[in-house]
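Take a look at the structure below.
None of the figures in this text is laboratory data; all of them are computed from the coordinates on show. This one's a predicted model, so the numbers in the text were calculated from it and none came from an experiment. Every residue, glycine among them, receives a Cβ derived from its backbone with ideal geometry; neighbour counts consider all protein chains shown.
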Amino acid sequence: MLPIKEQLKVIKSGVDGLIPEKLLIEKLGRNTPLRVKLGVDPTAPDLHLGHAVPLRKMRQFQDMGHQIVLIIGDATALIGDPSGRNATRPPLTKDQIEENAQTYVEQAFKILDPERTELRWNSEWIYDLDLAGLLSLASNFTVARILERDDFSKRYHNQQPIALHEFLYPLMQAYDSVMIHADVEMGGSDQLFNLLAGRELMEKMQMEPQVCLTLPLLEGTDGIQKMSKSYGNYIGLTDAPEEMFGKVMSIPDELMLKYYRLASTEDVDTIDKIEQGLAEDRLHPNKIKRALARNIVTAYYTEDVAMFAEEQFDRVFKSHDIPDDVEEVVCDLTPNDEGTIYLAALIHSIGFASSAAEARRLIDGGGVKIDGNALPEKSYHIDPETITNHVLQVGKRKFARITGAHN
RNA sequence: GGGAGUGUGCCCGAGUGGCUAAAGGGGACGGGCUGUAAACCCGUUGGCUAUGCCUACCAUGGUUCGAAUCCAUGCGCUCCCA
């Protein structure tokens, strides 16, 4: 294993908090692999760049020879983590959880080395807890202690409901740490309370407590709220390369460095140089953002794919051209008695607008183009000839080559 | 168990009998500009083959020529007391 100093440098890069650092040094000093825990709840089927932040940190531990333990919270997902929430999570069925968990693991292993990962499901021990067990577990915490946490107290003061089962969530997560004998548990900074509950419970059960490692939350593409599927500001690990590239380009400039530190594969020294270069105006923000987008796409696909994604991006957004690979869409282009087709309905039917009325508004706003030429206002009804085998564009990003059905 | 509130469009939030498809803000989308799907500026934001028609302010019923607005009951949520 690397010397402790070297290990600490890697561990601490990009982290938000390490509680307590002294204990971590002590644990590292024993020169045996640490058990490093990350628990994830399969509440949504797709992982995004925000989830990837702790996973990347896990990978760093893994590469230094520590034993990482990835816990799939299939049991805790039934409760739903209240962290940072202002409302109770909608319940998921066991089937949904099962399904989500599958894709979750698959995507996590794009970052982690599966061969050296201990994968556990917390239903393994949580389902064995009977009521008596649960009660004795609950007796370790007080209501005041749980109510202390920011999200609960906010909800309480704002007269928003807190369901009783949500109180139990931190206990369940803490119990996971006990069961797998965690040395370190990591999570986003919003997880701090849950992580500390793990420490507390371990101590009460006469174990050496875990070290809590928190990572900053990654803001989504809007640059304001944390990346989350429910805010629609996420960059999914399974997004198409062009999509991924474009989404990275859409983050506010101020967020670039944070993305470099938390979501890219670039090492600390390189990022420091970039930061300096930007501050001194030696590096152009657009170039740096492009490099970031390429790096991220490369991490989940390949370098070639990333370069192609960049080319397409330039075609569409820089030169306002039509991309190479426009999807062909077959539509009913049978004209009515007046020899026209209702374009607004067609746009709606292929999913480019949420209603025909919206399609009409888009036409009037100049957002609908055929072969790159904007249609004039009110052209809701058009001659089918003008569109058959031509490229219909709605907004900047939606393209389709329209062909008629063969009757 | 008793009492007090509250429920509006994707979200927040005004509106307390007609001028309300419903102010304002956020978000989203579209256009312009550009170094980007950054920033900034402008526009749009219930549905419908559409100068009109239909559906909408928790639900149902009522008062009224006319209700998001008044009344009744129900449902949801919150708070206080026990």
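Selection over the stretch A:355-391 of residues that are small (Gly, Ala, Ser), surrounded by fewer than 17 Cβ atoms within 10 Å (Cβ to Cβ) and more than 8 Å from RNA strand B (Cβ to nearest atom) gives a count of 1. Would you confirm whether or not the stretch A:295-314 contains a residue that is surrounded by 15 or more Cβ atoms within 10 Å (Cβ to Cβ) and part of a loop (DSSP other than H, G, I, E, B)? Scanning the stretch A:295-314 turns up at least one residue that is surrounded by 15 or more Cβ atoms within 10 Å (Cβ to Cβ) and part of a loop (DSSP other than H, G, I, E, B).
Could you identify the single residue in A:Phe317, A:Phe352 that is at negative phi, more than 7 Å from RNA strand B (Cβ to nearest atom), touching a residue at least 40 places away in the same chain (Cβ under 8 Å) and not charged (D, E, K, R)? Walk me through how you get there before you give the answer.
On the way: A:Phe317 fails: more than 7 Å from RNA strand B (Cβ to nearest atom).
Just one listed residue meets the conditions, A:Phe352.
Within the stretch A:392-400, is there a residue that is closer than 19 Å to A:Pro335 by Cα, away from RNA strand B (no atom under 11 Å from the Cβ), assigned to a strand (DSSP E or B) and more than 33 Å from the chain's Cα centre (by Cα)? Break it down into steps so the answer makes sense when it comes.
Step one: filter the stretch A:392-400 for residues closer than 19 Å to A:Pro335 by Cα, giving A:392.
The next check asks that each one be away from RNA strand B (no atom under 11 Å from the Cβ); those that pass are A:392.
Going one step further and asking which of them are assigned to a strand (DSSP E or B), we end up with A:392.
Pick out the ones that are also more than 33 Å from the chain's Cα centre (by Cα) and you get none.
Checked against the condition, which is being closer than 19 Å to A:Pro335 by Cα, away from RNA strand B (no atom under 11 Å from the Cβ), assigned to a strand (DSSP E or B) and more than 33 Å from the chain's Cα centre (by Cα), the stretch A:392-400 yields no hits at all.
Among the residues making up the stretch A:238-276, those that are touching a helix residue (DSSP H, G or I) at 6+ places or on another chain (Cβ under 9 Å), more than 14 Å from RNA strand B (Cβ to nearest atom), without any contact (Cβ under 8 Å) to a residue 60 or more places away in the chain and over 23 Å from A:Ser228 (Cα atoms) are A:Glu266, A:Thr270, A:Ile271, A:Glu275. Among residues belonging to the stretch A:38-66 that are in contact with a Leu (Cβ under 7 Å, 6 or more places away or on another chain) and among the polar types (S, T, N, Q), point out the one that is farthest from A:Lys247 (Cα to Cα). The qualifying residue farthest from A:Lys247 (Cα to Cα) is A:Gln62.
Looking for something of a type in the set (Val, Ile, Thr) and more than 22 Å from A:Asp239 (Cα to Cα) - is there at least one such residue anywhere in the stretch A:311-330? Lay out the reasoning, then the answer.
Here is the first cut: in the stretch A:311-330, the residues of a type in the set (Val, Ile, Thr) are A:316, A:322, A:326, A:329-330.
Keeping just the survivors that are more than 22 Å from A:Asp239 (Cα to Cα) gives A:330.
Looking for residues that are of a type in the set (Val, Ile, Thr) and more than 22 Å from A:Asp239 (Cα to Cα), one finds at least one in the stretch A:311-330, hence yes.
Count of the stretch A:335-349 residues, restricted to those that are more than 6 Å from RNA strand B (Cβ to nearest atom) and surrounded by fewer than 18 Cβ atoms within 10 Å (Cβ to Cβ), is 6.
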